[in-house]
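Participant: There's a structure below that I have some questions on.
Every read-out reported here was derived from the displayed coordinates using simple, explicitly stated rules and does not represent laboratory data. Keep in mind that what you see is a predicted model, and the values were worked out from it rather than measured. Ideal geometry is used to build each Cβ from the backbone, glycine not excepted, and the neighbour counts take in all protein chains shown.
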Amino acid sequence: MSNEPVVALKNATVEFKTEGSLLNPFGDPDVVRAVNDVSLEIGDREIVTLIGESGCGKSTLGRTAIGVQQPSSGSVSYRGQDIWAARSGGGTEISYSEIRPALQMIHQDPGSALNPNQRIVTSLSLPLRRWQPELSRPERMERIHALFERVGMQPAADFLNRYPHQLSGGEKQRAVLVRSLLLNPDLILADEAISALDVSLRVEMMDLMLELQALFDTSYLFISHDLSNARYIAEKSGGRIAVMYLGRIVEVGTVDEIINNPQHPYTKALRWATPNLYGDDEEQPPIRTIDVPDPTALPTGCNFHPRCPNAREFCVNQSPPEIEANDDGHPCRCFRADEDHEYWDSPPVSSDSDDTLSAGGDHQ
Ligand SMILES: Nc1ncnc2c1ncn2[C@@H]1O[C@H](COP(=O)(O)OP(=O)(O)OP(=O)(O)O)[C@@H](O)[C@H]1O
Ligand code: SF4
Ligand SMILES: [Mg+2]
């Protein structure tokens, strides 16, 4: 371990160019900025939960953090070493062959990590054979068996000799969790890793992941679209929640800061939309429209302004930087977090759209 964060993203931006359409095959490609100028550090044994609606860029950000997706600009480093410089053999102190096994991933669909034509034991042996060739076969088997028993799949030999279709969804996800832990990684990206499980199994799986995190001293980047899962994980681990909207992280903080004292209007809307999290009895959603903007034509200024109940003219042209919230100092990309900001002297934007919902902000 070093004093450097396990992973640090600095002003990372990821753009995808889409192909020309049938109607306009030779036109300029559309550009989707899936990740937009994101800086985030994940420390040793830290758990960060990334939350946001579908298409906001969570998976792209996660893949960038573990060095699978290259940023179009900005950087991503592992313990201070640029991952992409290491990948291209750029003379970094830590080689890519050390970095790759240290950053692991669990997919939403465990099937994609397990070859349907191979017994579980074969799929699990592969990463060990590739990254730790010095281990003998008995040593590999001992490690796999011990971990299988640790996640409650006993007798291990019985489960390990099965094919993936002979395991339940929960068992497959445990097998994939074991696969990600076998190399003793520093960080695991868990991308919607519990979403496909029955509600009753989700808490069990989250608890297991947290137990193993403590045992292995691993950090997690846990992606979810469900704020109540994010709260559960962050509350139990003392970790942080990062809220993402259209490629940007708009607010980061502890459970107290994000769930109990959200500053960003989008975080407030997410909280409103999550059963059991919102104590007030406000019936109207605190959002002006449910329509998400076209990711290839992002709004000017603050990209949440077309939906924000608190948008003022200032927000239409100015993009908020990261501001420390007045009362507790957690970072937030909304002018309202600064009570002296000139935003407050600007008039509210007009609510002329038919689909504008009555929202509990400055538009009533
Ligand atoms: N390889 C790609 N090529 C083109 N566009 C992509 C690619 N991968 C992602 N995108 C686009 O980038 C944006 C962010 O996608 P991403 O998968 O990161 O979102 P997400 O928050 O993980 O969504 P979900 O919750 O549905 O999994 C989307 O508009 C998506 O269509
Ligand atoms: S900066 Fe303006 S538009 Fe953006 S979230 Fe804050 S109040 Fe809303
Ligand atoms: Mg995703």
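Participant: Kindly provide log₁₀ I(q)/I(0) values, in the same order as q = 0.09, 0.12 Å⁻¹, from the Debye equation applied to equal alpha-carbon scatterers of the chain.
Facilitator: One equal scatterer on each Cα of the chain leads to -0.57, -0.95.
Participant: Report, by chain and number, residues whose modeled amide H sits under 5 Å from the one on Asp30, excluding near sequence neighbours (fewer than 5 apart, same chain).
Facilitator: Excluding prolines and chain starts, which carry no amide H, the hits are Thr18.
Participant: Rank the residues Lys236, Lys172 as a footprinting-exposure proxy: fewest other Cβ atoms within 10 Å of their Cβ go first.
Facilitator: Lys236, Lys172
Participant: When Rg is the radius of gyration of the Cα atoms in region 1-155 and Rh is its Kirkwood radius, what does Rg/Rh come to?
Facilitator: Rounded to two decimals, Rg over Rh is 1.04.
Participant: Hey, what angle do you get for helix 137-150 against the long axis of the chain, alpha-carbon based, 0 to 90 degrees rounded to 10?
Facilitator: Long axis of 137-150 versus the principal axis of the chain: about 50 degrees.
Participant: For the residues Thr60, Thr254, what sequence is obtained by ranking on other C-beta atoms within 10 Å, fewest first?
Facilitator: The fewest-first ordering by Cβ neighbours comes to Thr254, Thr60.
Participant: With a 10 Å Cβ neighbour count serving as the proxy for reagent exposure, in which order, fewest first, do Ser59, Ser350, Ser224 appear?
Facilitator: Placing the least packed residue first, the sequence is Ser350, Ser59, Ser224.
Participant: Are there any GluC sites (Glu not before Pro) in region 41-132 that are in a DSSP loop and have at most 13 other Cβ atoms within 10 Å? List them by number.
Facilitator: In loop regions of region 41-132 (DSSP not H, G, I, E or B), the sparsely surrounded GluC sites (Glu not before Pro) are Glu93.
Participant: Find the centroid of the Cα atoms in region 190-206 and in region 260-275, then give the distance between the two in whole Å.
Facilitator: Between the Cα centre of region 190-206 and that of region 260-275, the gap is 22 Å.
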